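Read the structure below first, then the notes.
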Amino acid sequence: MIETRLLPTDELLRSLVGKVTEIRVHENDSLQMIAELDRRGAASELGYKNLPQVLRHAVRWDLTTAKKWVANAGMLSSEITPTGSQLAPVLPVTADAVAEGALSVEHVAVVAEVMKALPAEAEDSVVGFAREHEPSAVRAFGMELAYRLYQDDPEPREPEPVPQVNQHVMQWKNGMLEIKALLDTVTGAKYQALLDPLAKPRPETVEDGPDLRSRAVREGDALAELVDLMLRADQLPEHGGEPVTLTVTMSYDDLAGQVGQATLDNGERLPAEQVRQLACS
């Protein structure tokens, strides 16, 4: 073994770089083994839920580390089709660099991340940069490259909101009706606007003192009162002396263009399409 204390600094540093390169080559061997374990369904064969669970037990990695290695292995290994043809790795340029010991497991994870937003032909540039820089710099380089490639493209449209479904369940228990409800944003805001003025603490009086009811009890009493009021529709509650009102805040341009979101007075967001429906109701 070389006595490190006797080596000149530059030689010691070169020796360290060589050792790290060897480690990375061995890491690539390990990645290929992990890919083969995954191909042959080792987790099922050994009675585990998935391969990261196998690795956590076998090599004592935490689950996050095990998942990262399995993901990297899938990116760097070639596949054999049922007909015997060999398919190139998902990241072929990266795979070659890792086999040389030029990139670490951390580099691979970052390259895979940035390549999700880049065309395949950009891998050469990303890997070339990764050979000379640390993973955090590679991430920044990939983001900058993606911006340069797509800066003139139109902004992506926001995905259509998933339709909200109202749910309501009632069940009698010991003479009491148990109610569970899940309301969409608009209906929930309407319900809250109706209930809030009725659920406020009663003013303190000499006879009764302060209102000691919990919030749950006050809201339960308010719901009971609301049910009675619904039976007398001409006597709906007022809030601050005004009829119950649902306030929606949105810029005129967004409303006219049917884009963006509005804000309800409870802070919830409302897509422009639902604002239009609300205005027409």
From the C-alpha gyration tensor of the chain, pull out the three semi-axes of the equivalent ellipsoid (sqrt of 5λ each), sorted largest to smallest, in whole Å.
62, 26, 22
What are the semi-axes of the equivalent ellipsoid of segment 4-150, taken as the square roots of 5 times the eigenvalues of the Cα gyration tensor, listed largest first and rounded to whole Å?
27, 23, 15
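By how many nm would the segment from residue 263 to residue 184 lengthen if fully extended, with 0.36 nm per residue of separation less the alpha-carbon distance?
Stretched out fully, the residue 263 to residue 184 stretch lengthens by 27.0 nm.
Taking loop as defined by DSSP and a crowding limit of 16 other beta carbons within 10 Å, which trypsin sites (Lys or Arg not before Pro) in segment 30-139 fit?
40, 49, 60, 116, 131
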Run lengths n ≥ 4 of DSSP H only: what is the helix-derived mean residue ellipticity at 222 nm for the chain, with -39500 (n - 2.57) per run over all residues, to the nearest 500?
-16500 deg cm²/dmol
For segment 63-78, take each phi angle, set θ = phi - 60°, evaluate the Karplus expression 6.51 cos²θ - 1.76 cosθ + 1.60, and give the result in whole Hz per residue in order, putting x for glycine and proline.
5, 4, 5, 4, 5, 5, 5, 5, 5, 4, 4, x, 7, 9, 9, 7
If you keep only loop residues by DSSP, which chymotrypsin sites (Phe, Trp or Tyr not before Pro) in segment 1-89 have at most 15 other Cβ atoms within 10 Å of their Cβ?
61
So what are the ³J(HN,Hα) numbers for segment 268-277, from phi and the Karplus equation (6.51, -1.76, 1.60; θ = phi - 60°), rounded to whole Hz, Gly and Pro as x?
6, 9, 9, x, 4, 4, 6, 4, 4, 4
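Rule-based calculations on the coordinates, nothing more; no lab input. Remember, predicted model here, so these are calculated numbers, not experimental data. Reconstructed Cβ throughout: ideal geometry from the backbone, glycine too, with neighbour counts over all protein chains shown.
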